[in-house]
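Student: Got a structure for you, questions after.
The values are calculated or read from the model by the stated rules, or taken from the named source; none is laboratory data. On a predicted model such as this, the values are computed, not experimentally measured, just so you know. Quick reminder, even Gly has a Cβ in these numbers, built from the backbone with ideal geometry, and neighbours come from all protein chains shown.
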Amino acid sequence: MKGRFKRTASQRHLIGMKTQVAVLCALVAVAKPPPAVKPMIDYHLRVDSTDLSGWDVEIRLRTVTDTFRLAMAAHPEYDDRYFRHVTGFSVTPSSALVTRVDSSVWQVITPRGEVRVRYRIVLPPSPSPSPRSSWRPFLTPTGGLVGGPHAFMYLLGAEQMPVTVTLELPASWDVATGLASPLSGTERGSGGEALSAERRGGQRVRAFTAANAAALMDSPILVGHLRQWRFVESGVPHRVVYWPLPNATPFDTTAFVSGIQRLVRQALALFGRAPYREYTFMFEDGAFSGGLEHRNSVTLGAQSAELGRDPYAVMRETAHEFVHTWNLMTIRPAEYRDIDYRTQPPVSSLWFSEGLTIFYADLLLRRAGVPVSDSTRVVHLERQLARFLGNPAYERFSAESISRVAYNAEPGALGDYSAGPHLHGEVLGTMLDFVIRDASRGERSMDDVMRLLYARAAQPLTGQTIEQAVETVCGCDVTAFFDTHVRREGALDYDRYLGLMGFRARVTWAPAVYNGEPERDLRIFGWEPGDGGVRLTILHPGSIWARAGLHSRDRLVTMDGTPVTTWPELRVRLQRLRMGDSVRFDVQRPEGRFSTTVVVSGFERPAVRIEGTPNNMGQAWINGRD
Ligand SMILES: [Zn+2]
């Protein structure tokens, strides 16, 4: 998503200035007040069960200058731009002068002293088709997801100050979040749950703290009728929380929680220690099975109907987001910022942050004895390699180039190619694992690279720090590998690396088949840039669409003579096409109109068989040993 709100240079300058604001704790009317007054920013979030269209936020602060600015943070990966849903922004004293100096920044000029800022977040209509994404906020009569960048503004210039958060919720609702309880010692609940709860006007009041603005934004809050389990691994408390729909399907919660605990045990065995003091898994019924990682919590979709069929149904996604706790949140890309309201700039090491996360999600589940979809690591690699070799983008673009367009770039950023850092990184990571095992005669593996990068996590992650870590572990030179695949593009000589373990790959191409039928070449999709039309994205330069002369970013005018203006409309018409059909496309380009006829046909896809007799190192890799 590109910024639709252009900022002037002077605005950027103004916003970038550190605002000299200090704040003092306002009276927190809950629990026991802190023994000493210390600087604080105090947030109150209220959910009223009679109006679930959104929630009210009040920020209480004391200022020492006449001007301060509040901003809505942008998440680096999923910037939902909730500044669009802020309503009723008001300030007490009412004489304050409020200016919206940027789409996501409010400036307040008022005499220094106690100031209260109030606004309401009005939730956008739930997206169709459902289910929704697990990280998107929602409210229902039995609970919802609040907090984070979808709820709270932060004070520019005061990002490092601790804050308090008070939740006023319907009386029967529980709370799960990575935020800490303000209570200490024996009164402190594990998993961030405040044991202090006060009832006020039929509402239940809970208090939490965050060490700084980044921690506040990184801590979504799951509220409502929750099921909860706890376990301790390596002395660290973990909490598993499930928010069920009212008509939830029963499932085997013992297997569900034990699978998570076994995963946690394996992750702690790999990395040696946890980067958090306590961790909260937050699962939501009714959300699709993806998730969003945080420093000490995660939100994940987990539909009870799926868990009823298989209690391990969301373990792959759970493992992925949990590995991110180390590889992304702690071993942090250099381009990542703690907190910002501006769009995340491109991140060149995402191939490692995503690819090695997938690599370890698969491996840790195998080590944990949790059922996974591919029967063996060999079968898993065969499938990944087939997808990799079937997509020429991975030869045409470097891992860093593909990483740089993974966030906040328009579709079609790679021209008539489409690729992601996940698969690229998983395949390159596997090849590097083979290099390390071979160079160290089976003494070392990628596990040692992860441990080393974790030990060096204070150093921001770049291609160079990854390369140095691999070289330190293997005692070998991987410059050529990084030159050919990470920094620059080139074909992967996979047999050279497979050969180090005693393997070789047999690659065969055959017509693609789906559900037993020849598969139509639908390697095209559309997207709506927001100007009322639909643009094309060509996914493969060898597709029937590219060969007919169409290109990514062409603006679709008509299909068989009739206008098409939305992606759902285009998708329906593409799905109706049958083998041998002819379809006429009229598109608009900056240089003029272009018309072409596409004849629908099938396409070829590679299959990979890994053959040969593994040597001892290959056998250790198959067995998932380090
Ligand atoms: Zn990920």
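Student: I'm trying to understand the selection: among the residues of region 298-307, which are over 13 Å from the mean Cα position of the chain (by Cα) and either within 14 Å of the ligand (Cβ to nearest atom) or outside any loop (DSSP other than H, G, I, E, B) (or both)?
Tutor: Passing the criteria: S304, A305, E306, L307.
Student: Considering T484, T472, T508, which residue is among the hydroxyl-bearing types (S, T, Y) and under 30 Å from E410 (Cα atoms)?
Tutor: T484
Student: Being modelled with pLDDT of 95 or more, farther than 21 Å from L179 by Cα and in contact with a Leu (Cβ under 7 Å, 6 or more places away or on another chain) narrows it down to one residue among L45, L52; which is it?
Tutor: Step by step, each of L45, L52 is checked, and only L52 is modelled with pLDDT of 95 or more, farther than 21 Å from L179 by Cα and in contact with a Leu (Cβ under 7 Å, 6 or more places away or on another chain).
Student: Same structure again: Within region 358-388, track down each residue that is in contact (Cβ under 8 Å) with a residue 60 or more places away in the chain, closer than 19 Å to N327 by Cβ and either within 12 Å of the ligand (Cβ to nearest atom) or acidic (D, E) (or both).
Tutor: I358, F359, Y360
Student: Six or more apart or on different chains, Cβ atoms under 9 Å: show the pairs whose first residue is in region 231-260 and touching a residue at least 24 places away in the same chain (Cβ under 8 Å) and whose second is of a type in the set (F, W, Y) and part of a loop (DSSP other than H, G, I, E, B).
Tutor: If the second residue must be of a type in the set (F, W, Y) and part of a loop (DSSP other than H, G, I, E, B), the pairs left are V236/Y276; A255/Y312; F256/Y312; G259/Y312.
Student: Follow-up. Here's a check for you: in region 545-563, which residue that is free of Cβ contacts under 8 Å to residues at least 12 places away in the same chain and not basic (K, R) is surrounded by the fewest Cβ atoms within 10 Å (Cβ to Cβ)?
Tutor: The residue in question is T562.
Student: Just need a number here: residues in region 99-119 that are among the acidic types (D, E) and more than 35 Å from the chain's Cα centre (by Cα).
Tutor: Summing the residues that are among the acidic types (D, E) and more than 35 Å from the chain's Cα centre (by Cα) in region 99-119 gives 1.
Student: Quick one: how many residues across region 479-514 are more than 31 Å from the chain's Cα centre (by Cα) and among the polar types (S, T, N, Q)?
Tutor: 1
Student: Can you go through V583, V598, V513 and tell me which one is of a type in the set (A, V, I, L, M), in contact with a Phe, Trp or Tyr (Cβ under 8 Å, 6 or more places away or on another chain) and either surrounded by fewer than 18 Cβ atoms within 10 Å (Cβ to Cβ) or within 30 Å of A409 (Cβ to Cβ) (or both)?
Tutor: V598
Student: What about L570, is it crowded, with 16+ Cβ neighbours inside 10 Å, at pLDDT 95 or above, aliphatic (A, V, I, L, M) and touching a Lys or Arg at 6+ places or on another chain (Cβ under 6 Å)?
Tutor: no
Student: Taking region 285-294 on its own, how many of its residues are among the charged types (D, E, K, R) and out of contact with any Pro (no Cβ under 7 Å at 6 or more places or on another chain)?
Tutor: 1
Student: If a residue must be under 11 Å from A214 (Cα atoms) and out of contact with any strand residue (DSSP E or B) (no Cβ under 7 Å at 6 or more places or on another chain), how many such residues does region 134-168 contain?
Tutor: Of the residues in region 134-168, 2 are under 11 Å from A214 (Cα atoms) and out of contact with any strand residue (DSSP E or B) (no Cβ under 7 Å at 6 or more places or on another chain).
Student: For region 308-357, give me each residue that is among the charged types (D, E, K, R) and either within 16 Å of the ligand (Cβ to nearest atom) or in a loop (DSSP other than H, G, I, E, B) (or both).
Tutor: Those that are among the charged types (D, E, K, R) and either within 16 Å of the ligand (Cβ to nearest atom) or in a loop (DSSP other than H, G, I, E, B) (or both): D310, R316, E317, E321, R332, E335, R337, D338, D340, R342, E354.
Student: So, one more: Condition first: surrounded by 18 or more Cβ atoms within 10 Å (Cβ to Cβ) and outside any strand (DSSP E or B). Now tell me which residues in region 60-75 satisfy that.
Tutor: Passing the criteria: A73, A74, H75.
Student: Please go through region 242-275 and give me each residue that is assigned to a loop (DSSP other than H, G, I, E, B) and surrounded by 15 or more Cβ atoms within 10 Å (Cβ to Cβ), ordered by number.
Tutor: P244, L245, A248, F251, A274, P275
Student: OK, next. Just checking, does region 285-292 include any residue being more than 14 Å from the ligand (Cβ to nearest atom), modelled with pLDDT under 95 and in contact with a helix residue (DSSP H, G or I) (Cβ under 9 Å, 6 or more places away or on another chain)?
Tutor: Yes, because at least one residue in region 285-292 is more than 14 Å from the ligand (Cβ to nearest atom), modelled with pLDDT under 95 and in contact with a helix residue (DSSP H, G or I) (Cβ under 9 Å, 6 or more places away or on another chain).
Student: Of everything in region 434-489, what is among the hydroxyl-bearing types (S, T, Y) and in contact with a helix residue (DSSP H, G or I) (Cβ under 9 Å, 6 or more places away or on another chain)? Give them in sequence order.
Tutor: S440, S445, Y454, T465, T472, T479
Student: Tell me, please, whether a residue that is touching an Asp or Glu at 6+ places or on another chain (Cβ under 9 Å), closer than 28 Å to E77 by Cβ and assigned to a loop (DSSP other than H, G, I, E, B) can be found in region 227-237.
Tutor: No, there is no match, as no residue in region 227-237 is touching an Asp or Glu at 6+ places or on another chain (Cβ under 9 Å), closer than 28 Å to E77 by Cβ and assigned to a loop (DSSP other than H, G, I, E, B).
Student: Among the numbered conditions (1) surrounded by 15 or more Cβ atoms within 10 Å (Cβ to Cβ); (2) under 30 Å from R523 (Cβ atoms), tell me where M617 comes up short.
Tutor: Among (1) surrounded by 15 or more Cβ atoms within 10 Å (Cβ to Cβ); (2) under 30 Å from R523 (Cβ atoms), M617 violates only (2).
Student: Could you identify the single residue in I331, I402 that is crowded, with 21+ Cβ neighbours inside 10 Å, in contact (Cβ under 8 Å) with a residue 40 or more places away in the chain, within 20 Å of P541 (Cα to Cα) and of a type in the set (V, I, T)?
Tutor: Just one listed residue meets the conditions, I402.
Student: Given the conditions (1) touching an Asp or Glu at 6+ places or on another chain (Cβ under 6 Å); (2) under 25 Å from A319 (Cα atoms); (3) among the aromatic types (F, W, Y), report the number of the one that F434 does not fulfil.
Tutor: (1)
Student: Let me ask you something else. Those residues that are of a type in the set (A, V, I, L, M, F, W, C) and in contact with a strand residue (DSSP E or B) (Cβ under 7 Å, 6 or more places away or on another chain), I need them from region 277-307; list them, please.
Tutor: F281, M282, F283, A287, F288, L292, V298, L300, A302
Student: For R84, which of the numbered conditions (1) under 28 Å from M329 (Cβ atoms); (2) modelled with pLDDT under 90 fails to hold?
Tutor: (2)
Student: Does E410 satisfy the criteria of being in contact with a Ser or Thr (Cβ under 6 Å, 6 or more places away or on another chain) and either closer than 15 Å to M431 by Cα or away from the ligand (no atom under 16 Å from the Cβ) (or both)?
Tutor: No, not satisfied.
Student: Follow-up question, since we're still on this one. Please go through region 283-295 and pick out each residue that is part of a loop (DSSP other than H, G, I, E, B) and either more than 14 Å from the chain's Cα centre (by Cα) or closer than 19 Å to H225 by Cα (or both).
Tutor: D285, G286
Student: Moving to a separate point now. Please enumerate the residues belonging to region 76-114 that are of a type in the set (V, I, T), surrounded by 14 or more Cβ atoms within 10 Å (Cβ to Cβ) and farther than 30 Å from V347 by Cβ.
Tutor: V91, T92, V98, V108, I109, T110
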